[in-house]
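Novice: Here it is, the structure in full.
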Amino acid sequence: MARGWARHAVTELKSVRSLGDLRNLNEKVHYLLLRVRGEFVRGTSVPPSLQIEPTNRCNLRCICCSGHSNEREKGFMDFGLFGNIVDEAAGIGVKRIHLYLHGEPLLHPGIGEMLRHIKSRGLAVTLATNAMLFDRRKIADVMRAGFTNADYILLSVLGFSKQTHESIQRGVDHERVLANIADLMEYRKAHDMNGPLIETVLYRLAENRGEENDYREYWLKRVDYARIARESEQYADLREGIAAIALRTRTCHHLWERMSIHWNGDVALCVADIDGTYILGNLKEHSIPEVWNGEGISRIRAFHRQRNFEAVPLCAGCDW
């Protein structure tokens with residue numbers, strides 16, 4: 001664990017080339033300390049970050065993702081709506097945009113324009129993708145966004161071996177993903193960019209158990225970070241139906257850390273609200289602070305502070 005944190009610190013420090021980069025690093029450290037100390041639960045008048053869904057369509061059918069079976073209408077976020085949300089976020093002090101939710105962001109035809117708009121407004125961005133669509137043309141489009149060391153690209157690669165990767169992320173081409181990631185790293189190097197920082201992520205599942213060490217050793221030689229995410233019943237094999245999860249015992253930090261926005265402007269309770277069962281408002285009609293400080297979310301936060309998780313079925317059956 002100590003070695004991992006040391007490597008993380010060295011990687012972050014290597015990305016610092018200017019006073020602006022140092023300010024970005026300080027912002028990230030400050031955010032991490034707030035999370036570790038649990039200070040987000042004290043409340044903020046605006047969300048520290050927004051999680052925006054460019055689309056809920058996906059090119060894969062991963063066995064650990066219910067996105068392909070959710071009951072919501074499929075669609076793509078209109079750029080006018082997107083621009084209004086980002087502009088408001090920048091004006092009220094939101095710090096970061098997570099440009100992904102339930103779907104593959106690179107399917108959105110305007111993903112490059114979206115990223116450029118985020119960066120033009122001075123916000124940090126995290127983009128997550130399965131990397132299947134990250135060919136050289138898409139890489140060039142995305143990497144012209146104006147990234148800095150404040151930004152991240154997360155690559156969901158859920159297996160070390162070809163067999164495991166392709167059995168979990170159905171429809172993926174293992175060799176293509178490896179080639180695309182190599183091209184992405186080469187592009188950043190060729191253009192002497194100090195951002196975005198690039199990370200592969202493996203969520204622990206029964207199907208990839210035992211591959212963690214090989215995965216970490218392989219990817220740490222090729223990207224900035226190789227994260228092994230904790231095992232969660234939320235990623236259980238959906239072929240067997242929804243897993244039985246023990247009643248929640250801890251307060252969820254997501255309720256204070258980020259706002260989850262579906263492609264049509266609906267604000268969901270959190271990332272786990274896949275079907276939009278708990279819609280708190282719509283950003284076509286309401287401002288970000290109106291929803292963030294509204295009665296609906298405030299009531300649910302109160303339940304969490306009281307540890308009355310059973311009052312919200314979605315929360316009671318979630319182990320995030």
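Novice: In what sequence, highest mean first, do 47-56, 216-225 appear when ranked by Cβ atoms within 10 angstrom? Write out the running numbers ahead of the final one.
Specialist: Values: 47-56: 23.9, 216-225: 16.5.
Sorting 47-56, 216-225 by mean packing, highest first, produces 47-56, 216-225.
Novice: Does a label point 7 Å from the Cα of Arg121, set along Cα-to-beta-carbon, have any residues of the stretch 64-96 with amide nitrogen under 14 Å, and which are they?
Specialist: Inside the label zone: 78-96.
Novice: Another one. Where only protein heavy atoms count, and the probe is 1.4 Å, what is the accessible area per residue for the chain in Å²?
Specialist: Working: 15260 Å² over 320 residues.
It amounts to 48 Å² per residue over the chain.
Novice: Can you work out the base-10 log of I(q)/I(0) for the chain at q = 0.13 1/Å, using the Debye formula on its C-alpha atoms alone?
Specialist: Debye output, listed in q order: -1.03.
Novice: Additional query: Under 11 Å from a point 7 Å along the Cα-to-Cβ line of Ser66: which residues of the stretch 278-320 have their amide N that close?
Specialist: Backbone N within reach: 314-315, 317-319.
Novice: Find how many whole Å separate the alpha carbon centroid of the stretch 133-165 from the alpha carbon centroid of the stretch 174-201.
Specialist: Result: 6 Å between the Cα centres.
Novice: Another question about this same structure. Name the shape class, rounded, prolate or oblate, that the alpha-carbon gyration tensor gives for the stretch 54-137, where a ≥ b ≥ c are the square roots of its eigenvalues, rounded holds for a/c under 1.5, and otherwise prolate holds if a/b is larger than b/c and oblate otherwise. Each step should come with its number before you reach the end.
Specialist: Working: a/c = 2.03, a/b = 1.62, b/c = 1.25.
The shape class here is prolate.
Novice: What fraction, in whole percent, of alpha-carbon pairs in the stretch 261-320 exceed 13 Å separation?
Specialist: Counting pairs separated by more than 13 Å, the tail of P(r) holds 62 percent.
Novice: Counting Lys and Arg as +1 and Asp and Glu as -1, what is the net charge of the other residues whose Cβ lies under 9 Å from the Cβ of Val125?
Specialist: Here the count lands on +1.
Novice: Which percent of the accessible area of the chain is formed by carbon and sulfur heavy atoms (probe 1.4 angstrom)? Intermediate results must be reported in sequence, preceding the final value.
Specialist: Numbers: 7860 of 15260 Å².
Percent of accessible area from carbon and sulfur atoms in the chain: 52.
Novice: Between beta-carbons, use under 12 Å as the cut-off and find the net charge around Gly159, counting Lys and Arg +1, Asp and Glu -1. Mind dumping the intermediate values first?
Specialist: On the way: positive: Lys162, Arg170, Arg204, Arg209; negative: Glu166, Glu207, Glu211, Glu212, Asp214.
In short, -1.
Novice: Provide the gained length on full extension for the span Val16 to Ala316, in nm with one decimal, where the gain is 0.36 nm per separating residue minus the Cα-Cα distance.
Specialist: Result for the pair: 103.8 nm of gain on full extension.
Novice: Sort by residue number and report every cysteine in the chain with no other cysteine beta carbon within a distance under 4.7 Å.
Specialist: Flagged as lacking a Cys partner: Cys58, Cys64, Cys252, Cys270, Cys315, Cys318.
The values are calculated or read from the model by the stated rules, or taken from the named source; none is laboratory data. If you're wondering where the values come from, they're calculated on a predicted model, not measured in any experiment. In this analysis, Cβ positions are derived from the backbone assuming ideal geometry, glycine residues included, and neighbour counts consider all displayed protein chains. Please note that ligands, DNA and RNA were not included when accessible areas were found on the heavy atoms of the full protein model with its side chains. Shrake-Rupley method; radii C 1.70, N 1.55, O 1.52, S 1.80 Å.
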